[in-house]
Amino acid sequence: MAAPIISEPAPPPARGYWRSNQMRFAPWLFLAPGILFFAIYVIFPIFQSFHISLYRWDGLGEARYIGMQNYERLFDDPAFYTSLWNNLRWLVLYLLAIPGGLFIALFLNQQVRGIRLYKSLFFFPFVISQVVVGLVFAWFYNPSIGLLNPLIGLFGFGPVNILGNPNTVTYGIIAAGLWPQVAYCMILFLTGLNAVDPEQVEAARLDGAKGWKMLWYVILPQLRPATFIAVVVTVIGALRSFDMVSVMTSGGPFGSSRVLAYYMFEVSLSEYGFRMGYGAAIAVVLFLIMMVYIAFFLWRMWREERGV
């Protein structure tokens, strides 16, 4: 008896190049619009600022190449040093928003009566515009009609003019900026607390961990991603602070509350005479300071992920 003939299976139909590589190219097609806008409105202006900083230009006429003279002038500009020093104070004191947001998040993570009302009250500053926050605090600090002097008068202190004193104006603006920033950090930590492993918490509780030990050895290690984001966002917010200074003092009194971002605006677009090249040099310095901090935090996170 002859053996049955077994026919070979038909080969699959040929697929086109797109169908064969669809899964590889589809994510990039979705990302392409965002990447394009990011390149046009973020990356390109950064390099353009480096370029403009090498010129003397009023924004309308012909630009004249002057090399590094704008940067050399910064070293002899007392207003630049005042702005830089104020930015450093912003940076150090603004970081208080991170522990403040953490402890408020730990409180709001409890199951107590009326917790929804407390969450709404603490969340409220986050949804308010920075301009509105600045106006509210400017009114609060007002020595004539504000609430600050009557409040401190209850404790026996004399009237103070926070925004009119060069020694206190920067701290008053930073305090105003901390109000919404603490709320933002609180939201980040509340999100992180929802991802905390309850089994680890229960195991630590059985081992006798509680209070600060529970927080330090069990909770905080699981909040590293939220802490990293909070630090980066807070540092960037401190270094690019502009709107609060503009609304509350316009850099005064006598330029004592200037920061680099506001000084850049003054020399570029304000009464200082449209010195676009000099303003771009200030922007480059501010950008490099930001990059140092961000690169440091990224390096630290990379080392922790690799367990180095």
Check: Looking at this structure, is LEU74 at pLDDT below 90, out of contact with any strand residue (DSSP E or B) (no Cβ under 6 Å at 6 or more places or on another chain) and surrounded by 14 or more Cβ atoms within 10 Å (Cβ to Cβ)?
Finding: no
Notebook entry, point to check: Which residues, counting only those in the range 98-114, are touching a Phe, Trp or Tyr at 6+ places or on another chain (Cβ under 9 Å), without any contact (Cβ under 8 Å) to a residue 24 or more places away in the chain and of a type outside the set (Phe, Trp, Tyr)?
Noted result: VAL112
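Against the definition (modelled with pLDDT of 85 or more and within 30 Å of TRP139 (Cα to Cα)), how does ALA238 come out, yes or no? Don't jump to the end; show me each part of the working.
Numbers: modelled with pLDDT of 85 or more: yes; within 30 Å of TRP139 (Cα to Cα): yes.
Yes, satisfied.
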Checklist line | Residue ID - farthest from LEU239 (Cα to Cα), chosen from residues in the range 77-90 that are surrounded by 18 or more Cβ atoms within 10 Å (Cβ to Cβ) and among the hydrophobic types (A, V, I, L, M, F, W, C) | finding: PHE80
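Take LEU220 and decide whether it is in a helix (DSSP H, G or I) and closer than 30 Å to PRO78 by Cα. If you could, list the steps in order and put the result at the bottom.
Numbers: in a helix (DSSP H, G or I): yes; closer than 30 Å to PRO78 by Cα: no.
No: the conditions fail for LEU220.
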Margin query: Can you say whether LEU54 is at pLDDT below 90 and either surrounded by fewer than 13 Cβ atoms within 10 Å (Cβ to Cβ) or among the hydrophobic types (A, V, I, L, M, F, W, C) (or both), as far as the supplied structure shows?
Written below: no
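It is to be established whether one or more residues within the range 144-153 are over 20 Å from LEU88 (Cα atoms), in contact (Cβ under 8 Å) with a residue 12 or more places away in the chain and in a helix (DSSP H, G or I).
Pass one, the range 144-153, residues over 20 Å from LEU88 (Cα atoms): 144-153.
Of the ones still in play, those that are also in contact (Cβ under 8 Å) with a residue 12 or more places away in the chain are 148.
The next check asks that each one be in a helix (DSSP H, G or I); those that pass are 148.
Yes - at least one qualifying residue is present in the range 144-153.
Criterion first (without any contact (Cβ under 8 Å) to a residue 24 or more places away in the chain and under 24 Å from the mean Cα position of the chain (by Cα)) does LEU206 satisfy it? Give the steps one after another, and end with the answer.
On the way: without any contact (Cβ under 8 Å) to a residue 24 or more places away in the chain: yes; under 24 Å from the mean Cα position of the chain (by Cα): no.
The answer is no for LEU206.
The values are calculated or read from the model by the stated rules, or taken from the named source; none is laboratory data. The model shown is predicted, which means the values in this text are computed figures rather than measured ones. Ideal geometry is used to build each Cβ from the backbone, glycine not excepted, and the neighbour counts take in all protein chains shown.
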